[in-house]
Amino acid sequence: MAVSNKRKEVFLESMATTGRITESCQVAGISYEAVRVWRKEDEAFIAAFEESEARYCDKIEKEIERRAIEGWDEPVFQNGTEVGKKRRFSDTLLLALTKSRMAKYRDKAEVDVRVKGQILAIPMLAQTEEGFDELVRKSDSGDAEGAQD
(Lines give C-alpha, C1' and ligand atoms only; values in the text may rest on other atoms or scores of the structure.)
Protein backbone atom coordinates (compact mmCIF):
# COMPACT_ATOMS: atom_id res chain seq x y z
CA MET A 1 0.00 0.00 0.00
CA ALA A 2 1.27 3.44 -0.91
CA VAL A 3 -0.33 5.09 2.14
CA SER A 4 2.40 6.12 4.56
CA ASN A 5 0.36 7.19 7.56
CA LYS A 6 0.29 4.31 10.09
CA ARG A 7 -3.32 4.99 11.13
CA LYS A 8 -4.41 4.86 7.50
CA GLU A 9 -2.62 1.54 7.07
CA VAL A 10 -4.28 0.08 10.18
CA PHE A 11 -7.67 1.32 8.95
CA LEU A 12 -7.17 -0.13 5.48
CA GLU A 13 -6.04 -3.52 6.81
CA SER A 14 -9.07 -3.64 9.09
CA MET A 15 -11.33 -2.74 6.13
CA ALA A 16 -9.85 -5.61 4.13
CA THR A 17 -10.62 -7.95 7.03
CA THR A 18 -14.01 -6.69 8.27
CA GLY A 19 -15.46 -4.67 5.41
CA ARG A 20 -16.89 -2.20 7.93
CA ILE A 21 -15.84 1.44 7.98
CA THR A 22 -17.03 2.28 11.50
CA GLU A 23 -15.29 -0.72 13.07
CA SER A 24 -12.11 -0.01 11.10
CA CYS A 25 -12.13 3.60 12.31
CA GLN A 26 -12.32 2.37 15.90
CA VAL A 27 -9.47 -0.10 15.36
CA ALA A 28 -7.28 2.62 13.83
CA GLY A 29 -8.29 5.28 16.36
CA ILE A 30 -9.56 7.71 13.73
CA SER A 31 -12.85 9.47 13.05
CA TYR A 32 -15.31 8.56 10.35
CA GLU A 33 -15.01 12.15 9.14
CA ALA A 34 -11.26 11.70 8.58
CA VAL A 35 -11.98 8.75 6.30
CA ARG A 36 -14.61 10.79 4.46
CA VAL A 37 -12.06 13.57 3.82
CA TRP A 38 -9.32 11.12 2.74
CA ARG A 39 -11.75 9.46 0.32
CA LYS A 40 -12.37 12.84 -1.31
CA GLU A 41 -8.90 14.37 -1.28
CA ASP A 42 -6.17 11.70 -1.00
CA GLU A 43 -5.65 9.86 -4.30
CA ALA A 44 -3.35 7.25 -2.74
CA PHE A 45 -5.90 6.58 0.00
CA ILE A 46 -8.72 6.31 -2.54
CA ALA A 47 -6.81 3.63 -4.46
CA ALA A 48 -5.83 1.79 -1.27
CA PHE A 49 -9.45 1.95 0.00
CA GLU A 50 -10.70 0.41 -3.25
CA GLU A 51 -8.05 -2.33 -2.92
CA SER A 52 -9.19 -3.05 0.66
CA GLU A 53 -12.80 -3.29 -0.48
CA ALA A 54 -11.79 -5.65 -3.29
CA ARG A 55 -9.89 -7.85 -0.82
CA TYR A 56 -12.96 -8.02 1.45
CA CYS A 57 -15.21 -8.85 -1.50
CA ASP A 58 -12.81 -11.68 -2.45
CA LYS A 59 -13.15 -12.99 1.10
CA ILE A 60 -16.96 -12.96 0.81
CA GLU A 61 -16.86 -14.67 -2.57
CA LYS A 62 -14.58 -17.38 -1.20
CA GLU A 63 -17.05 -18.06 1.62
CA ILE A 64 -19.95 -18.13 -0.84
CA GLU A 65 -18.09 -20.71 -2.94
CA ARG A 66 -17.28 -22.79 0.13
CA ARG A 67 -20.89 -22.91 1.30
CA ALA A 68 -22.28 -23.50 -2.19
CA ILE A 69 -19.76 -26.04 -3.52
CA GLU A 70 -17.86 -27.62 -0.63
CA GLY A 71 -20.69 -27.38 1.89
CA TRP A 72 -20.46 -27.72 5.65
CA ASP A 73 -21.10 -30.42 8.22
CA GLU A 74 -24.22 -30.07 10.34
CA PRO A 75 -24.66 -32.28 13.40
CA VAL A 76 -27.46 -34.88 13.40
CA PHE A 77 -29.15 -35.57 16.73
CA GLN A 78 -31.23 -38.50 17.90
CA ASN A 79 -32.86 -38.47 21.33
CA GLY A 80 -30.75 -35.44 22.27
CA THR A 81 -27.46 -37.14 21.40
CA GLU A 82 -25.31 -36.27 18.40
CA VAL A 83 -25.18 -39.39 16.24
CA GLY A 84 -23.43 -38.08 13.16
CA LYS A 85 -23.04 -35.30 10.66
CA LYS A 86 -24.86 -34.39 7.48
CA ARG A 87 -23.18 -32.49 4.65
CA ARG A 88 -25.21 -29.39 3.75
CA PHE A 89 -24.97 -27.10 0.72
CA SER A 90 -26.58 -23.78 -0.14
CA ASP A 91 -28.50 -23.94 -3.39
CA THR A 92 -29.33 -20.25 -3.02
CA LEU A 93 -25.66 -19.27 -2.83
CA LEU A 94 -24.79 -21.59 -5.70
CA LEU A 95 -27.47 -19.94 -7.84
CA ALA A 96 -26.23 -16.44 -6.91
CA LEU A 97 -22.64 -17.46 -7.69
CA THR A 98 -23.69 -19.01 -10.99
CA LYS A 99 -25.62 -15.90 -12.04
CA SER A 100 -22.68 -13.67 -11.16
CA ARG A 101 -20.27 -15.71 -13.27
CA MET A 102 -22.36 -17.07 -16.15
CA ALA A 103 -24.42 -14.68 -18.26
CA LYS A 104 -26.67 -17.41 -19.65
CA TYR A 105 -28.07 -18.08 -16.13
CA ARG A 106 -28.79 -14.44 -15.28
CA ASP A 107 -32.33 -13.19 -14.98
CA LYS A 108 -33.41 -11.50 -18.16
CA ALA A 109 -35.90 -8.70 -18.48
CA GLU A 110 -37.27 -6.96 -21.51
CA VAL A 111 -38.81 -3.52 -21.50
CA ASP A 112 -41.43 -2.61 -24.09
CA VAL A 113 -41.03 1.07 -24.93
CA ARG A 114 -43.71 1.29 -27.59
CA VAL A 115 -46.09 4.17 -26.90
CA LYS A 116 -49.70 4.41 -27.99
CA GLY A 117 -51.27 7.81 -28.21
CA GLN A 118 -49.51 11.09 -27.55
CA ILE A 119 -46.17 11.61 -25.90
CA LEU A 120 -45.72 14.49 -23.48
CA ALA A 121 -42.38 16.10 -24.19
CA ILE A 122 -41.38 18.50 -21.42
CA PRO A 123 -39.22 21.27 -22.87
CA MET A 124 -36.48 23.16 -21.08
CA LEU A 125 -39.12 25.59 -19.80
CA ALA A 126 -40.24 22.98 -17.26
CA GLN A 127 -36.93 22.99 -15.37
CA THR A 128 -38.27 25.58 -12.94
CA GLU A 129 -41.45 25.38 -10.90
CA GLU A 130 -42.82 28.46 -12.71
CA GLY A 131 -41.94 26.96 -16.08
CA PHE A 132 -43.64 23.68 -15.17
CA ASP A 133 -46.77 25.53 -14.01
CA GLU A 134 -46.83 27.49 -17.31
CA LEU A 135 -46.43 24.27 -19.28
CA VAL A 136 -49.34 22.67 -17.40
CA ARG A 137 -51.53 25.76 -18.02
CA LYS A 138 -50.74 25.70 -21.74
CA SER A 139 -51.32 21.95 -21.87
CA ASP A 140 -54.68 22.29 -20.13
CA SER A 141 -55.70 25.04 -22.58
CA GLY A 142 -54.68 22.94 -25.59
CA ASP A 143 -51.70 25.15 -26.40
CA ALA A 144 -48.99 22.68 -25.33
CA GLU A 145 -47.14 23.13 -28.63
CA GLY A 146 -46.70 26.82 -27.88
CA ALA A 147 -45.14 26.05 -24.49
CA GLN A 148 -41.63 26.33 -25.87
CA ASP A 149 -42.14 29.91 -27.07
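The values are calculated or read from the model by the stated rules, or taken from the named source; none is laboratory data. Not measured: the values here are computed from a predicted model. Note: ideal-geometry Cβ built from the backbone for every residue, glycine included; neighbour counts use all protein chains shown.
Remarks
- Selection within region 18-44 - of a type in the set (Val, Ile, Thr) and free of Cβ contacts under 8 Å to residues at least 12 places away in the same chain: Thr22, Val37
- Scanning region 87-112 for residues that are surrounded by 12 or more Cβ atoms within 10 Å (Cβ to Cβ) and assigned to a loop (DSSP other than H, G, I, E, B) yields Phe89, Ser90.
- Here the condition is being touching a strand residue (DSSP E or B) at 6+ places or on another chain (Cβ under 6 Å), at pLDDT 90 or above and loosely packed, with under 13 Cβ neighbours inside 10 Å; of Gly84, Gly71, it holds for Gly84 alone.
- Screening Lys116 on (1) part of a loop (DSSP other than H, G, I, E, B); (2) basic (Lys, Arg); (3) at pLDDT 75 or above shows it passes everything except condition (3).
- Residues of region 18-31 that are loosely packed, with under 15 Cβ neighbours inside 10 Å, modelled with pLDDT of 95 or more and not basic (Lys, Arg): Thr22, Glu23, Gln26.
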